[in-house]
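Contents: one structure, followed by commentary.
The values are calculated or read from the model by the stated rules, or taken from the named source; none is laboratory data. In this text the structure is predicted, and so the values were computed from the model without any measurement. Please note: Cβ atoms are built from the backbone with ideal geometry, for glycine as well, and neighbour counts cover all protein chains shown. These accessible areas exclude ligands, DNA and RNA; they are computed on the full protein's heavy atoms, side chains included. Shrake-Rupley method; radii C 1.70, N 1.55, O 1.52, S 1.80 Å.
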Amino acid sequence: MTLAVDCGGGGIKANVLDAAGTAHAAPVRVPTPYPLPPTLLVDTVAEIAADLPPADRLTLGMPGMVRHGVVVHTPHYVTRSGPRSRVVPELVTAWSSFDVRAALSARLGLPALVLNDAEVHGAGVISSSGVELVLTLGTGLGSALFDGGRLAPHLEWSRAPVRRSTTYDAYVGEPERRRLGLWSRRVVTVVEGLRPVFWWDRLYLGGGNARRITPSALERLGDDVVVVPNSAALVGGARAWDLLAD
């Protein structure tokens, strides 16, 4: 049984699933608390776990660069009140090189796996055949690349400029979706711009905003692009131990 936790910029959701990815309770979701030092994230996960059935292991996906369970960089949790608010230097220091995996394992008494949230999402949807790219559309833009089911090193290219002074995160993130009436066109622009870079066999579009892409935009994207449900973020928590554990 796996306690799967999906940490986003706006909310943290979790559930307990068996090895087949079947949920054994109703999912629990709480707003992401801010400001959010690492200890508060650990406390929040422990509180959520107390309301769910017992588990044998834990998978946590979070935004940013995570290597072997240790945070290199996280974009939202270093801010005063959430995405695109002021960065707090003390939080940058607190999160840098913080071993989330060790802290969660010690607190909950469970073996833990901590990855980038898009990587966990990908574990829930990939077929493990060919080159598969996963893009998650939510607060910002997340990504994970797989080849034959093997995870490639994570790249935070969502923070690269898609045009002058605008990153991919800002270009298709939640604030722009709320502001624009033609947000789906931006998703098409991103996908078509990345196609000659990755030459994927299949591209999965997930995250909370994937369902908001218009039918006409989806038709333009082609048969090699598939929209997947956001529930994959929790299903991936169970599958990740077979696919991604280091």
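Laid out as a table, the results:
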| read-out | value |
| --- | --- |
| Condition check for V5: surrounded by fewer than 15 Cβ atoms within 10 Å (Cβ to Cβ) and aliphatic (A, V, I, L, M) | no |
| All positions within region 51-64 that are modelled with pLDDT under 95 and either closer than 19 Å to H154 by Cβ or outside any loop (DSSP other than H, G, I, E, B) (or both) | P63, G64 |
| Matching residues in region 69-99 - criterion: being in a strand (DSSP E or B) and within 16 Å of the chain's Cα centre (by Cα) | V70, V71, V72, H73 |
| Top-ranked residue in region 10-38 [being touching a strand residue (DSSP E or B) at 6+ places or on another chain (Cβ under 6 Å) and in a loop (DSSP other than H, G, I, E, B); ranked as surrounded by the most Cβ atoms within 10 Å (Cβ to Cβ)] | T32 |
| Count of residues meeting criterion [open to solvent by 50 Å² or more (accessible area, probe 1.4 Å) and more than 15 Å from G9 (Cβ to Cβ)] in region 156-165 | 4 |
| Residue ID - surrounded by the fewest Cβ atoms within 10 Å (Cβ to Cβ), chosen from residues in region 193-240 that are more than 19 Å from G149 (Cβ to Cβ) and among the hydroxyl-bearing types (S, T, Y) | S216 |
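Condition check ((1) exposed (fewer than 14 other Cβ atoms within 10 Å of the Cβ); (2) polar (S, T, N, Q); (3) assigned to a strand (DSSP E or B); (4) in contact (Cβ under 8 Å) with a residue 60 or more places away in the chain) across all residues:
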{"residue": "V125", "(1), (2), (3), (4)": "no, no, no, yes"}
{"residue": "V134", "(1), (2), (3), (4)": "no, no, yes, yes"}
{"residue": "A144", "(1), (2), (3), (4)": "no, no, yes, no"}
{"residue": "H154", "(1), (2), (3), (4)": "no, no, no, yes"}
{"residue": "D169", "(1), (2), (3), (4)": "no, no, no, yes"}
{"residue": "R177", "(1), (2), (3), (4)": "no, no, no, no"}
{"residue": "G181", "(1), (2), (3), (4)": "yes, no, no, no"}
